[in-house]
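Here the structure is laid out as structure tokens; the discussion comes afterwards.
The values are calculated or read from the model by the stated rules, or taken from the named source; none is laboratory data. None of the values given here were measured: they were computed from a predicted structure. Cβ: placed from backbone, ideal geometry, glycine included. Neighbour counts: every protein chain shown. These accessible areas exclude ligands, DNA and RNA; they are computed on the full protein's heavy atoms, side chains included. Shrake-Rupley method; radii C 1.70, N 1.55, O 1.52, S 1.80 Å.
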Amino acid sequence: MTYVIQAEGLKKRFGETRALDGVDLRARRGTVLGVLGPNGAGKTTAVRVLSTLLKPDAGRAEICGYDVVREAVQVRQFIGLTGQYASVDEELTGTENLIMIARLLGLGRGESRRRARDLLERFSLSDAAGKAAKHYSGGMRRRLDLAASMISEPEVIFLDEPTTGLDPRARNEVWATVRGLVANGTTVLLTTQYLEEADQLADQIVVIDHGRVVDTGTAEELKATIGSQTLAVRAIDRSATPRLLAAVAELTGAGPEVDDDTGLVTAAVEDPALLSALVRRLDDEGIVAAELTLRLPSLDEVFLTLTGHHTEEPAPAGEPS
């Protein structure tokens, strides 16, 4: 089987809103497919279709070779789903939450306890196994939620914006957990509006906006579509910023931008050799740089180029995500 997840031409409408308008998705085994887009782009709708919770109006999709509409029962045997918010019972302990879900899935008492114990250890929650979930940190709750989705040992996991509302430390904990899942052969479809998250985790990224796929590729491939790098330079002496700005403008032949708060000057460049020329120019001008880098475009810049807006743009009223 070439692809564990395969969807072609998915369409779904909610009234006058086209939540999905011909979406194609593919993911190979043991990889992370990142579906990147703002609120209202159609990411959650795509997950609901692929996880058999919603029937598409048109198009088709397969998980592990089974059709998500005609063979939904079989598909559910291969998948786990973690939504945007933790679904655990806050009054139950970590162990009790996992045992309850295992029992609901039809496992016996002994097997349920064994599976709960193994998963709590795997997700670094053994020390909190006997604590009520309401006393868990945000990162611990998300890890418990991920552990719950692994009770049935699925081959495919859908993570729908799993780090929404988490602080940076908790987000890093979830990222480490996702990397561990993939290292063990699990295929992950990750929806996110966080550019850094897609950059960090995804082997392939699908950029989706207003229900349509606008581009796809690795993070590096998507960044290369802009065709230029970004020069960033900042003078130690802020009073030298006007001269720095003039030097960058002359060398690049473009209109650089300057951050009034930090004094950071940035400009798009085509030729990496310009960096050496700028170093010589700064030396001639007597300007000491506190920061001087040449980097590929960020995913945020890619998204802005592809769609005309940032991922943080709020969804239109009433539009599903």
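Of all residues in the range 42-60, exactly one satisfies the criterion of being open to solvent by 10 Å² or more (accessible area, probe 1.4 Å), aliphatic (A, V, I, L, M) and either assigned to a strand (DSSP E or B) or closer than 21 Å to GLN204 by Cα (or both), namely ALA58. The residue that is most open to solvent (accessible area, probe 1.4 Å), counting only those in the range 278-302 that are out of contact with any Lys or Arg (no Cβ under 7 Å at 6 or more places or on another chain) and in a loop (DSSP other than H, G, I, E, B), is VAL288. Against the conditions (1) at negative phi; (2) in contact with a helix residue (DSSP H, G or I) (Cβ under 8 Å, 6 or more places away or on another chain), ALA41 satisfies every one except (2).
Considering only residues that are at pLDDT 90 or above and hydroxyl-bearing (Ser, Thr, Tyr), which ones fall in the range 277-321?
The answer is THR293, and nothing else.
Considering the range 73-158, the qualifying helices (runs of 4 or more DSSP H), each wholly inside and each with 1 or more residues that are over 28 Å from the mean Cα position of the chain (by Cα) and not basic (Lys, Arg), run over 94-104, 109-122. When the residues of the range 1-41 are narrowed to those that are part of a loop (DSSP other than H, G, I, E, B) and β-branched (Val, Ile, Thr), which ends up nearest to the chain's Cα centre (by Cα)? Top of the filtered list is THR31. ALA246 falls short on exactly one of the conditions (1) within 13 Å of LEU292 (Cα to Cα); (2) of a type in the set (A, V, I, L, M, F, W, C); (3) not in a strand (DSSP E or B), and that condition is (1).
Conditions tested, residue by residue: (1) surrounded by fewer than 17 Cβ atoms within 10 Å (Cβ to Cβ); (2) without any contact (Cβ under 8 Å) to a residue 24 or more places away in the chain.
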site	(1), (2)
GLN204	no, no
LEU222	no, no
VAL233	no, no
ARG238	yes, no
LEU245	no, yes
VAL248	no, no
LEU251	no, no
GLU257	yes, yes
ASP261	yes, yes
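Candidates in the range 125-137 are the residues that are of a type outside the set (A, V, I, L, M) and touching a residue at least 40 places away in the same chain (Cβ under 8 Å); of these, the one that is most open to solvent (accessible area, probe 1.4 Å) is LYS134.
If you go through the range 1-15 one residue at a time, how many are of a type in the set (Lys, Arg) and open to solvent by 70 Å² or more (accessible area, probe 1.4 Å)? Spell out the reasoning first.
Keep residues of the range 1-15 that are of a type in the set (Lys, Arg), which gives 11-13.
Those left that are additionally open to solvent by 70 Å² or more (accessible area, probe 1.4 Å): 11, 13.
Result for the range 1-15: 2.
Within the range 65-94, the set of residues being of a type in the set (Ser, Thr, Tyr) and open to solvent by 40 Å² or more (accessible area, probe 1.4 Å) comprises TYR66, TYR85, SER87.
Pairing each residue of the range 1-17 that is touching a residue at least 40 places away in the same chain (Cβ under 8 Å) with any residue that is part of a strand (DSSP E or B) and polar (S, T, N, Q), provided the two are 6+ apart or on different chains, yields C-beta distances under 9 Å for VAL4/THR187; ILE5/THR187.
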